[in-house]
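*Asks:* Shown below is the structure under consideration.
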Amino acid sequence: MSKSENKNALKHGAFSQALILPGEDPNDLQELLTALRDEWNPEGPSENDKIESIAICMWRKRRFRTYLRNSLAKNVRIEAALEQHRNRRFDTLLDLWEEIEESDLPGSVTEESLTEKVGPFWADQFKTRRPRKNYDSDEAWLKAICEFMAAIQDQRFTKSDDLPPLDEELSTEEFANREQDFEERIDAKIDRDIKQLGQIKTMKAIGIGRRPPAVDVGPLKQIEAPSIQAVDETNTT
């Protein structure tokens, strides 16, 4: 199959469509297959089958590396956003803490005003964990809130309700081992396919697997078989 025939055969896209996932570009796979065919110049179905097998393996490697790269980048973005979120929330708590400690006005901080002062998240936290009804006085309640904020300062919140969770599996040793094992298995498969492709080409070069040339029996047909009578005359003499 010539290079032009190879490229024409790719126009229908049947090979790539069977392997493409949402978000992937089928042209990328077609370009990979075309490049491999240009590199190895396969001839016949057996060689083309090996080229397609190599292309599939390389495509799977690219897909996994893209997934891993995007997942790690996503984790970095989430972690950065989470840190900003933590700092922003922590700043609102510091403002509230200072207001409680410096205010001489009774009732300046109430359950009703918490949302305005620290936002709905922390207002809900205070109302749930340190409700005003559990304390005898505003002073006791505000003291409990300050103690709660001190505990928060020590632990520096570990997650946020309005940000996507980190993919913690990416940082585990088990995931790293699986990643290495996957790459090694794919590379081994590619090596086997390349070796088999070379063997097929070598066998063809020495004539193994090719049909022997047809024998031209034309001249033999011109030789007339002796008649039975002529044979008998010969035998009698």
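*Asks:* For the stretch 145-170, how many residues meet the condition of being touching a helix residue (DSSP H, G or I) at 6+ places or on another chain (Cβ under 8 Å), at pLDDT 70 or above and outside any loop (DSSP other than H, G, I, E, B)?
*Replies:* 7
*Asks:* If you check residue 71 against the conditions, is it of a type in the set (Ser, Thr, Tyr), more than 28 Å from residue 201 (Cα to Cα) and in contact with a helix residue (DSSP H, G or I) (Cβ under 9 Å, 6 or more places away or on another chain)? Before the answer, list the steps.
*Replies:* Working: of a type in the set (Ser, Thr, Tyr): yes; more than 28 Å from residue 201 (Cα to Cα): yes; in contact with a helix residue (DSSP H, G or I) (Cβ under 9 Å, 6 or more places away or on another chain): yes.
Yes, satisfied.
*Asks:* When you check residue 5 against the structure, is it under 23 Å from residue 203 (Cβ atoms) and modelled with pLDDT under 90, yes or no? Break it down stepwise before answering.
*Replies:* Values: under 23 Å from residue 203 (Cβ atoms): yes; modelled with pLDDT under 90: yes.
So residue 5 passes the test.
*Asks:* Which residues, taken from the stretch 126-143, are surrounded by 17 or more Cβ atoms within 10 Å (Cβ to Cβ) and part of a helix (DSSP H, G or I)?
*Replies:* Restricting attention to the stretch 126-143, the residues satisfying the condition of being surrounded by 17 or more Cβ atoms within 10 Å (Cβ to Cβ) are 126, 130, 132, 141-142.
Those that are surrounded by 17 or more Cβ atoms within 10 Å (Cβ to Cβ) and part of a helix (DSSP H, G or I): 126, 132, 141, 142.
*Asks:* What are the residues in the stretch 99-119 that are more than 21 Å from residue 133 (Cβ to Cβ), loosely packed, with under 12 Cβ neighbours inside 10 Å and at pLDDT 75 or above, if any? So that I can check it myself, show each step before the final result.
*Replies:* So the first thing to find is which residues in the stretch 99-119 are more than 21 Å from residue 133 (Cβ to Cβ), and the list is 99, 101-105, 119.
Okay, now just the ones that are also loosely packed, with under 12 Cβ neighbours inside 10 Å, so 101-102, 104-105.
Answer for the stretch 99-119, where residues must be more than 21 Å from residue 133 (Cβ to Cβ), loosely packed, with under 12 Cβ neighbours inside 10 Å and at pLDDT 75 or above: there is none.
*Asks:* Something else about it: Since residue 33 meets every condition but one in (1) aliphatic (A, V, I, L, M); (2) under 14 Å from residue 193 (Cα atoms); (3) touching a Leu at 6+ places or on another chain (Cβ under 9 Å), which condition does it not meet?
*Replies:* Here residue 33 clears every test but (2).
*Asks:* Now for a separate question. For the stretch 26-51, name all the residues that are among the charged types (D, E, K, R) and crowded, with 17+ Cβ neighbours inside 10 Å. I'd like the intermediate steps shown before the answer.
*Replies:* Narrowing the stretch 26-51 to residues among the charged types (D, E, K, R): 28, 31, 37-39, 43, 47, 49-50.
Residues satisfying the conditions are 37, 47, 50.
*Asks:* Within the stretch 59-69, does at least one residue satisfy the condition of being among the hydroxyl-bearing types (Ser, Thr, Tyr), surrounded by 14 or more Cβ atoms within 10 Å (Cβ to Cβ) and in a helix (DSSP H, G or I)? Lay out the reasoning, then the answer.
*Replies:* Within the stretch 59-69, the subset among the hydroxyl-bearing types (Ser, Thr, Tyr) is 66-67.
Now narrow it down to the ones that are surrounded by 14 or more Cβ atoms within 10 Å (Cβ to Cβ): none.
No.
The values are calculated or read from the model by the stated rules, or taken from the named source; none is laboratory data. This is a predicted model, so every value here is computed, not measured. Positions of Cβ are backbone-derived with ideal geometry, glycine not excepted, and every protein chain shown enters the neighbour counts.
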